[in-house]
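Colleague: Take this structure first; my questions come after.
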Amino acid sequence: MSGQRQPVFVKVCGLTREEQIDWAVELGYDAVGIVVTPKSKRYCPPERAVALAGHARGRIPVFAVALTLAETAAVAEHFDVVQIYEPADIPNLALASGAPPEKPEALRYFFYDASAGSGVFEDIPRWVAEVPGKVVIAGGLDEHNVTGVVAEFGPYGVDVSSSVETAPGVKSREKMAAFVAAARAPGGNSR
């Protein structure tokens, strides 16, 4: 690795409106996530998810987020990355799990998320720092704990959703701004 460190990759997930994508772009986020699992409070039905992906296209990478690959079938071709909680043989896979991945080299990203999208922060196990590739830490991160997590684990990136909301799926531009600033605070830069 060169001596120059890159700013940490920051993704905001659970976006439900075009203006939220605009805010993410304006605030310097690196990616956005649209939830396509019907089990989520932030669920976007296929037609809406595709419209949001279209709004993001060419401006910011967009992730289709679901529990299973099958839940992404109707929309996957419109997204840059598919983020799911099960292994799958696809080239643009972001595997999310609370356990170490069996084949990290086969993944586009590995999202450490023991909360399975619930937004509850738990202690992060040491093995997370040893996983090769683009490791993104998710699950209960907020503007108060993200700088420490980045400094301690040195992940490629971090992911946020519920802590930048005023209600499920209703993002706050101010909270989004505070989170991305904290994630990239001095001492927290890593990739």
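The values are calculated or read from the model by the stated rules, or taken from the named source; none is laboratory data. The structure presented is a predicted model; accordingly, all values stated were derived computationally and were not measured. So basically every Cβ, Gly included, is an ideal-geometry build from the backbone, and we count neighbours across all protein chains shown. Accessible surface areas use protein heavy atoms only, side chains included; no ligands, DNA or RNA. Shrake-Rupley method; radii C 1.70, N 1.55, O 1.52, S 1.80 Å.
Colleague: Out of all the residues in the range 121-138, which are at pLDDT below 85 and either small (G, A, S) or within 18 Å of V10 (Cα to Cα) (or both)?
Modeller: F121
Colleague: Do you know which residues across the range 144-160 are hydroxyl-bearing (S, T, Y) and out of contact with any Lys or Arg (no Cβ under 7 Å at 6 or more places or on another chain)?
Modeller: T147
Colleague: List the number of the failed condition for A178; all other conditions in (1) in contact with a helix residue (DSSP H, G or I) (Cβ under 6 Å, 6 or more places away or on another chain); (2) part of a helix (DSSP H, G or I); (3) open to solvent by less than 40 Å² (accessible area, probe 1.4 Å) hold.
Modeller: The single condition A178 does not satisfy is (1).
Colleague: Moving on. Can you find, within the range 142-164, the residue that is farthest from the chain's Cα centre (by Cα) among those that are part of a loop (DSSP other than H, G, I, E, B) and of a type outside the set (D, E)?
Modeller: H144
Colleague: Can I ask one more? What is the one condition in (1) in a loop (DSSP other than H, G, I, E, B); (2) in contact with a Lys or Arg (Cβ under 9 Å, 6 or more places away or on another chain) that K41 does not satisfy?
Modeller: Failing condition for K41: (2).
Colleague: Right, here's the next one. Against the condition without any contact (Cβ under 8 Å) to a residue 60 or more places away in the chain, surrounded by 14 or more Cβ atoms within 10 Å (Cβ to Cβ) and under 29 Å from A182 (Cα atoms), how does V10 come out, does it pass?
Modeller: Against the criterion (without any contact (Cβ under 8 Å) to a residue 60 or more places away in the chain, surrounded by 14 or more Cβ atoms within 10 Å (Cβ to Cβ) and under 29 Å from A182 (Cα atoms)), V10 does not qualify.
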